[in-house]
Each structure stands twice: as C-alpha cells, then as structure tokens.
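Enquirer: Have a look at this one before I ask anything.
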Amino acid sequence: MQDRSYSVPIEDEIKHKNNESGPDGLDQKIDPDSSISEELAKSRETAGTVTQADKKDKGSRLERTSRQNLKTEECLRMLQRLKAEFDNYRKRVRKEHSEIYDYVRGDVFRMLLPVIDDLERLLNSESSEQSLREGIGIIYKNLMTTLQSHGLESFTDEGNAFDPNVHEAVSVEETEAQMDGKIVDTWLKGYRYKGRLLRPAKVKVGQKNR
C-alpha cells in the first residue's frame, strides 16, 4: 500500500512536469511511483539518522552514569578502608598508652619496695621508743631521697610572699608590718614533680597589726 500523504502534491508536480517538453523538444515523462519511492526513502533515511543520534546520545549518558557510579563506589571503599585503619590506630594507641602507664606505675612500686622492706623489719624488731623513732627517721630519709632522685621536690616558702598559685591559706596571723602578706608557717608541705605542681602548700599568712 502506498503512503497517500505524499501522493497528492507529488502527483500534481508530476502532471505539471509531464506537460512540459524537454530541451530537445521531447516530452519528458516522470514515473509517479518512482518519485514517491524516492521521497519515502529520504524520509526513512532522515528518521533513521535521528534514531541513530538518539541511541548514541543515550549510550553516552549511560556510559557517563556508569563511570560516576564506579567513582562513587571507589570513594566509598576508600572511606571504609580509612575508617578501619583509624579504628585500628586508635586501639593501638590506647593499648600503648595503657602499657606505658603500667610500666611507669611498676617503676614507682619498684622504688618503694626498699621502704616497705625497712618498715617490715622495723615492725618485726623489738626496739625501744627511741630506736623506733630513729628507724622511722631513716625510712623517711631513704624514701625522700629516692623520690627526689626522680624529680619530686617539696617546698614550704616560710618568709616568702603568699602566692595563690602554689599556696593555700588555711589561717591568718597578726604580725609585724614586714611580714604582712608573707608566709608565717607551713602546715602541710607542697610538692612539685619536674616543675609541675602536685599539691599546693597549706600555709599560715601574716597580717600586720591594725
């Protein structure tokens, strides 16, 4: 069956051309079926070209989408690996810190073992009150020597100006003007470890008479 959408204008054109004579005075006849076939072929060719372009564009979009999906999956896998590595690093650091603390505590206990030995010997001995005091004095001296050799220091600061950063005032005593605002007595020693304050000294502060 022929496509009639092309037949009317084409047939009119064919009739018009068939009524004309060629340059040689010969009549030129045009086959209507041949002209219609050519027009249909051109129409199909144009439609085919558009269809191929659409397919190519669709293929390009699918390819771009596929590449983007691959990049997204790769980034996700990378983030998962980084998270796993960070978790492992955090666990390893926590374990190392715990081992360091245990090691330091072990060293502190090791330093105190001689003091414990001296106390046990003193408790097991039959000694007078005077010898007991002397024994305790020796133990205290040995303990402080051991701790000071590792950076511990005590301070009292009698006669120095009161400093709220390292002193804690527990009482006030009326004194002469030259001792106003200065430490008169120490109730409890303060301690530092390698320059870091461990405990402020509890002191009595002088205040001049009104």
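The values are calculated or read from the model by the stated rules, or taken from the named source; none is laboratory data. The shown structure was predicted, so the numbers you read here are calculated from the model rather than taken from an experiment. Glycine also receives a Cβ, built like all others from the backbone with ideal geometry; neighbour counts cover every protein chain displayed.
Enquirer: Mind checking which residues of the range 177-210 are in a loop (DSSP other than H, G, I, E, B) and among the acidic types (Asp, Glu)?
Expert: Residues of the range 177-210 that are in a loop (DSSP other than H, G, I, E, B), as a first pass: 180-181, 189, 194-195, 200, 209-210.
The one that is in a loop (DSSP other than H, G, I, E, B) and among the acidic types (Asp, Glu): ASP180.
Enquirer: Taking GLU174 as the residue in question, decide whether it is within 29 Å of GLY206 (Cβ to Cβ), among the charged types (D, E, K, R) and not in a loop (DSSP other than H, G, I, E, B). Even if it seems obvious, please write down each step before you answer.
Expert: Details: within 29 Å of GLY206 (Cβ to Cβ): yes; among the charged types (D, E, K, R): yes; not in a loop (DSSP other than H, G, I, E, B): yes.
Answer is yes for this residue.
Enquirer: Just one of (1) of a type in the set (Asp, Glu); (2) part of a helix (DSSP H, G or I); (3) modelled with pLDDT under 80 trips up ASP87, so point out which.
Expert: Unmet for ASP87, out of (1) of a type in the set (Asp, Glu); (2) part of a helix (DSSP H, G or I); (3) modelled with pLDDT under 80: (3).
Enquirer: Output the number of the condition that LEU197 fails; it satisfies all remaining conditions of (1) surrounded by 11 or more Cβ atoms within 10 Å (Cβ to Cβ); (2) over 40 Å from the mean Cα position of the chain (by Cα).
Expert: Only one criterion in (1) surrounded by 11 or more Cβ atoms within 10 Å (Cβ to Cβ); (2) over 40 Å from the mean Cα position of the chain (by Cα) is unmet by LEU197, namely (2).
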